[in-house]
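Notes to accompany the following structure.
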Amino acid sequence: MANIIPITSFSAPELDVFARLTENQLVNRADPANAMFIAESPLVIGRALDGGCVPLSFLMETKHVEGKAAEILSRCPEDIPVYTAELDVLTQLTGFKLTRGMLCAMRRPALKSVAEVCTNARRIAVLENVMNPTNIGAIFRSAAALGMDAVLLTAAGSDPLYRRASRVSMGTVFQVPWTYLPEDVSWQDTLHGLGFKTAAMALRDDTLPLSDPHLEKEPKLAVVLGTEGDGLANTTIEHCDYTVKIPMSHGVDSLNVAAASAVAFYQLGTLHNKA
């Protein structure tokens, strides 16, 4: 049985990870071996465990220990600390009131190389400087549902393991392989070296429609999406093999990057896989 510890003091240092450390502090770039992240809700925590993530401690309502957390706790070390309190007490802890009953502090897994993530992949997504954690989470959920084999991100974008991103993704950030692109070399060259052609999603006139047969025939294709508002950098578009635009109507000129990803992934991922 887990080590159940009723909360008696909000100042307890054991609660810092849940209530007082920022996302950047959890990442702990100075000591990557001890970097952490927070998973929220039984679904997300369960998928993190399925993905091999190591749990360190929990924070939850007392009732969940014998309720919806029971199955999760049965998968964890018997001595794992589980900090508990009633909901009205927990809501006094900064950041807890919006959770779905429980949080779990987990060790961040080591990042894989681009080559490892792309092994056997045919359709991947590249996210250039996508900053909003909600969009990151939604993109991962679409990637998992709509036939994308991996996601690659630039380092300037938001972290898929941020609490909001993993929650919005419904835990798919632990199911879809992902990693960061190299900063010291051209990631376009890296992908070309792995056999991928790149397709930039951009609002330009000289574009192909998503349904263009040239895209369908590519054995390996990377769908490249840019940051909210500004989209992809011009240099990125110029170095991609294709430029692709989603046809619009009613005077709408663009979609949110998460919505655009779902449309693109369905056309270039799901339909490709059915062909």
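The values are calculated or read from the model by the stated rules, or taken from the named source; none is laboratory data. No experiment lies behind these values; they were computed from the predicted model shown. Methodologically, a virtual Cβ is constructed for each residue, glycine included, from the backbone with ideal geometry; neighbour enumeration extends over all protein chains shown. With ligands, DNA and RNA removed, areas are computed over all heavy atoms of the protein, side chains included. Shrake-Rupley method; radii C 1.70, N 1.55, O 1.52, S 1.80 Å.
What span do the alpha-carbon atoms of region 167-275 cover on each of the three principal axes, reported in whole Å from largest to smallest?
41, 34, 33
Hey, got the dipole for the chain? About the Cα centre, +1 on K and R Cβ, -1 on D and E Cβ, debye to the nearest 20?
Around 540 debye, computed over the chain.
Leaving out ligands and nucleic acids, and using a 1.4 Å probe, what accessible area per residue does the chain come to in Å²?
Accessible area per residue: 48 Å².
Compactness ratio of the chain: Cα Rg over 2.2 N^0.38 Å, N = residue count?
This ratio for the chain stands at 1.11.
About the Cα centre of region 128-210, what is the dipole size in debye to 20, counting +1 per Lys and Arg Cβ and -1 per Asp and Glu Cβ, all else neutral?
Magnitude of the dipole: close to 500 debye.
Where does the chain land at 222 nm, in deg cm²/dmol rounded to the nearest 500, when only DSSP H runs of n ≥ 4 count, each adding -39500 (n - 2.57), divided by all residues?
-7000 deg cm²/dmol
Using a 10 angstrom cutoff on alpha carbons, build the Gaussian network for the chain and name the most mobile of ASP31, ASP16, ASP159.
ASP31
Jot down the radius of gyration and Dmax of region 1-58, Cα atoms only, both in angstrom.
Spelled out, the Cα radius of gyration and Dmax of region 1-58 are 12.8, 34 Å.
With the dipole of the chain worked out from charges on the C-beta (+1 for Lys and Arg, -1 for Asp and Glu) around the Cα centre, which of HIS250, ALA200, LEU73 lies farthest toward the positive end?
Farthest towards the positive pole: LEU73.
How many percent of DSSP beta bridges within the chain run antiparallel, rounded to 5?
Around 30 percent antiparallel, to the nearest 5.
State the answer as a single residue: which of ILE7, ALA156, ALA110 lies farthest towards the positive end of the charge dipole of the chain, with beta carbon charges of +1 for Lys and Arg and -1 for Asp and Glu, about the Cα centre.
It is ILE7, whose Cα lies furthest towards the positive end.
Extending each Cα 7 Å along its Cβ direction at ARG204 and ARG29, get the distance between those two points in nm, one decimal.
Modelled inter-label distance: 3.1 nm.
Would you mind checking the pairs LYS217/LYS245; LYS68/LYS112; LYS197/LYS274; LYS63/LYS112; LYS112/LYS274 and listing those with alpha carbons more than 27 angstrom apart?
LYS68/LYS112; LYS63/LYS112; LYS112/LYS274
Enter the accessible area of SER254 (Å², nearest 10), with the probe set to 1.4 Å and all protein chains included.
50 Å²
Report Rg/Rh for region 179-239, rounded to two decimals, where Rg is the Cα radius of gyration and Rh the Kirkwood radius.
0.96
Work the Kirkwood hydrodynamic radius out for region 18-174: mean of 1/r over every pair of different alpha-carbon atoms, inverted, in Å.
Roughly 16.4 Å, rounded to one decimal.
Only Cα pairs within less than 10 Å get springs; with that Gaussian network setup on the chain, which residue of THR134, THR154, THR119 has the largest fluctuation?
Sorting by GNM fluctuation, first place goes to THR119.
Roughly how many percent of the accessible protein surface of the chain is carbon and sulfur, given a 1.4 Å probe and a whole-percent answer?
52 percent
Please tell me the relative contact order of the chain in percent, rounded to the nearest whole number, where contacts are Cα pairs under 8 Å and at least six residues apart.
19 percent
For an R0 of 22 angstrom, estimate the FRET efficiency from the Cβ-Cβ distance between HIS214 and LEU255 and round to the nearest 0.05.
E(calc), rounded to 0.05, equals 0.45.
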